[in-house]
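Working notes, beginning with the structure itself.
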C-alpha cells in the first residue's frame, strides 16, 4: 500500500531518538528542518493507513498503534510525518504515525520503509 526509501539523512536526524521519534520529509523539506529529517521519496499511499497494518523498516516490523488524522495526506503529498515508537493509542499529534513501544531502528541511505 505504501513504499519508499531513505535518500538522505540530515546531520541531526538522530537528535530525537531518545524521544523515540523519527521525522520523515520529502525532497521539499524546508531549509530550517532538513538537518533533522530523514529525506524520502514522495510516493502516493494506496488505500487507507489503519491500526491493522504494520510498518516495515528494512527487516524490522512494527505494529501501528494509532494513525494521526493528517498522516495519510501528509505522507502522500509531502512525504512528511513523524514516526513515534511509544505504543500510544491516542493521536496527540495529527501528523504522527504511532508505533509499538520499541527502540528506533538504525536507518541509513537506501533503507526501505513499507506500510502493509
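The values are calculated or read from the model by the stated rules, or taken from the named source; none is laboratory data. None of the values given here were measured: they were computed from a predicted structure. In this analysis, Cβ positions are derived from the backbone assuming ideal geometry, glycine residues included, and neighbour counts consider all displayed protein chains.
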Across segment 9-35, which residue is surrounded by the most Cβ atoms within 10 Å (Cβ to Cβ) among those that are touching a helix residue (DSSP H, G or I) at 6+ places or on another chain (Cβ under 8 Å) and either farther than 21 Å from residue 102 by Cβ or without any contact (Cβ under 8 Å) to a residue 12 or more places away in the chain (or both)? 25
Cβ pairs under 9 Å, 6+ apart or interchain, first in segment 54-65 and at positive phi, second outside any loop (DSSP other than H, G, I, E, B), ordered by first then second residue, are 58/112; 58/113
Here are some residues: 115, 81, 49. Which one is without any contact (Cβ under 8 Å) to a residue 60 or more places away in the chain and touching a strand residue (DSSP E or B) at 6+ places or on another chain (Cβ under 7 Å)? 81
Considering only segment 82-92, I want to know if a residue exists there that is under 17 Å from residue 116 (Cβ atoms) and surrounded by 15 or more Cβ atoms within 10 Å (Cβ to Cβ). yes
Tell me whether segment 54-65 contains one or more residues that are touching a strand residue (DSSP E or B) at 6+ places or on another chain (Cβ under 9 Å), exposed (fewer than 14 other Cβ atoms within 10 Å of the Cβ), at pLDDT 95 or above and over 25 Å from residue 8 (Cα atoms). no
